[in-house]
Each structure stands twice: as structure tokens, then as C-alpha cells.
1. Only helical DSSP H runs with n ≥ 4 go in: add -39500 (n - 2.57) per run for the chain, normalise by residue count and round the 222 nm mean residue ellipticity to 500 deg cm²/dmol.
2. Would you mind checking region 67-86 for residues with the amide N under 15 Å from a putative spin-label position 7 Å along Cα→C-beta of R8?
3. Using the crude model of +1 on Lys and Arg Cβ and -1 on Asp and Glu Cβ, and no other charge, please compute the dipole size for region 8-83 relative to its Cα centre, in debye to 20.
4. Could you tell me the largest-minus-smallest coordinate of the C-alpha atoms of region 47-86 on each of the three principal axes, in descending order and whole angstroms?
5. I need the Debye-formula profile for region 8-83: one equal scatterer per C-alpha, no solvent, reported as log10 I(q)/I(0) at q = 0.12, 0.24, 0.27, 0.28 1/Å, two decimals.
Amino acid sequence: MSKSVYSREYRIFLEQLRAAREASGLNQREVADKLGRSQSFVAKCEQGHNRVDVAQLVEFCRVLGVPLVRFMESYNAALEADESGN
């Protein structure tokens, strides 16, 4: 039995969130400034210490310049790849 606090799905979600930030070319401080939050807030979100709700995800996507639909398509593809062992 896994001792992880987070589900496989949430772990993949966090990986996708960080990948989207990195692909945008922004660092955590820049994202935080655009969100009007602290850098530690962004770090805690990416590390899973702060759970990201839907409204926050919409804001992250806006700041990163990634349409929410595209983020979710990428997330779904990552889930499917993980399920198939790729």
C-alpha cells in the first residue's frame, strides 16, 4: 500500500502544473507576482503542500498563457500515459 498522501492523479496534476510554468519561461517569483501572491505560495502549490482549487487553476493558466482546455488535455494525456506505463 502506498504511503503517499496524494493520489497518483494529483501527483500528475502537480507535475503538469510545474511543467506548464517551466514551458512558459516564468520562474516561481514571476508567477507569484502576476498572481499577487508570494513565491512560497507558488512553491507550496507545486510541491503539493497547498491544494490547488479550480479557481486557482484558472488563474495559474491565465498567468502562464495556457488555455485551461489545453492544460486539461495535457493532464489527461499524462494520466493515460501513466496508466499505460509510458
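FYI, it's all coordinate maths here, none of it is from the lab. Predicted model only: the values in this text are computed from it and were never measured. Neighbour counts run over all protein chains shown; Cβ positions are idealised from the backbone, glycine included.
1. Value at 222 nm, helices only: -22000 deg cm²/dmol.
2. 76-86
3. 340 debye
4. Computed over region 47-86, the largest-to-smallest principal extents equal 31, 24, 13 Å.
5. -0.29, -1.18, -1.46, -1.54
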